[in-house]
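J.: There's a structure below that I have some questions on.
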Amino acid sequence: RLSNTAFIFSNAYASAPVCAPSRYSIQFGKTPARLKMIRVGMNTNHISHNSELTIPKQLKKINSNYKTAHFGKWGMDSTPNILGYDVSDGATKNIDGVFNYQSNKLQWMNNIDNEDPKQIFGITQRAISFIKENKKNETPFFLQISHYAIHSDIIAREKTYEKFKNKAPGKIHENIGLAAMTFDLDESIGLILDTLEKLDLKENTYIIY
């Protein structure tokens, strides 16, 4: 659905192969090498978290009416408000999205949660509420959603798991739970797109996935 109406970056790369350096890179617009933060667990005291060079602060500098929000995993040695976010879930980490770091075996077992697997739909509803509020107030907004899915632990809805249970495994991926969790995440993206269309915001909104 996105690719039918958008540019596809078919030769694009994350700034780092692991989470924390990638997150810093996105927020500050610098490579992990320039930030001197290239691994998970590195000391970040040398990074100015109060820097004006973050996405939300730059947008507010351009237009002081901008409202900014971050929902989902934060995973940085700071808090979202320090970087300029008005609304957020706080300084969350993998464990907030169900991460059994004490057992590698349990991480890769397929688990069922029919209510809100990996907080996928809770995060999405908070995002939708934020979009609706800014539509109502006619304020420009920046919203970043950083899902806990598809990081381990593997959790999906039962109906989604059943959907993939009898499908033939792929050449590379054969984990039913991972497929189901990815599908649940994909469905949540559709809910965001639906909201933008219903509120007539689609034509004036950049969506970067």
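The values are calculated or read from the model by the stated rules, or taken from the named source; none is laboratory data. From a predicted model like this one, the values you see are computed outputs, not experimental measurements. Here the Cβ positions follow ideal geometry from the backbone for every residue, glycine too, while neighbour counts run over all protein chains shown. All accessible areas refer to the heavy atoms of the entire protein, side chains included, with ligands and DNA or RNA removed. Shrake-Rupley method; radii C 1.70, N 1.55, O 1.52, S 1.80 Å.
J.: Go through the stretch 48-86 and give me each residue that's among the β-branched types (Val, Ile, Thr), in contact (Cβ under 8 Å) with a residue 24 or more places away in the chain and either more than 14 Å from Ser146 (Cβ to Cβ) or buried (at least 19 other Cβ atoms within 10 Å of the Cβ) (or both).
T.: Correct list: Thr54, Thr68, Ile82.
J.: In the stretch 75-87, is there at least one residue being under 24 Å from Leu193 (Cα atoms), aromatic (Phe, Trp, Tyr) and over 14 Å from the mean Cα position of the chain (by Cα)?
T.: Within the stretch 75-87, one or more residues are under 24 Å from Leu193 (Cα atoms), aromatic (Phe, Trp, Tyr) and over 14 Å from the mean Cα position of the chain (by Cα).
J.: Among residues belonging to the stretch 92-144 that are in a loop (DSSP other than H, G, I, E, B) and at positive phi, point out the one that is most open to solvent (accessible area, probe 1.4 Å).
T.: Checked the stretch 92-144; the qualifying residue most open to solvent (accessible area, probe 1.4 Å) is Glu138.
J.: Those residues that are open to solvent by 90 Å² or more (accessible area, probe 1.4 Å), in a helix (DSSP H, G or I) and farther than 17 Å from Ala91 by Cβ, I need them from the stretch 24-47; list them, please.
T.: Across the stretch 24-47, the qualifying residue is only Arg34.
J.: Looking at the stretch 153-209, which of its residues are of a type in the set (Gly, Ala, Ser) and either outside any helix (DSSP H, G or I) or within 29 Å of Tyr101 (Cβ to Cβ) (or both)?
T.: Residues satisfying the conditions are Ala156, Ala168, Gly170, Gly177, Ala179, Ala180, Ser188.
J.: Report whether or not Ile189 is in contact (Cβ under 8 Å) with a residue 60 or more places away in the chain and open to solvent by less than 90 Å² (accessible area, probe 1.4 Å).
T.: Yes.
J.: OK, next. Do you know which of the residues in the stretch 160-186 that are touching a residue at least 24 places away in the same chain (Cβ under 8 Å) and open to solvent by 30 Å² or more (accessible area, probe 1.4 Å) is nearest to the chain's Cα centre (by Cα)?
T.: Thr182
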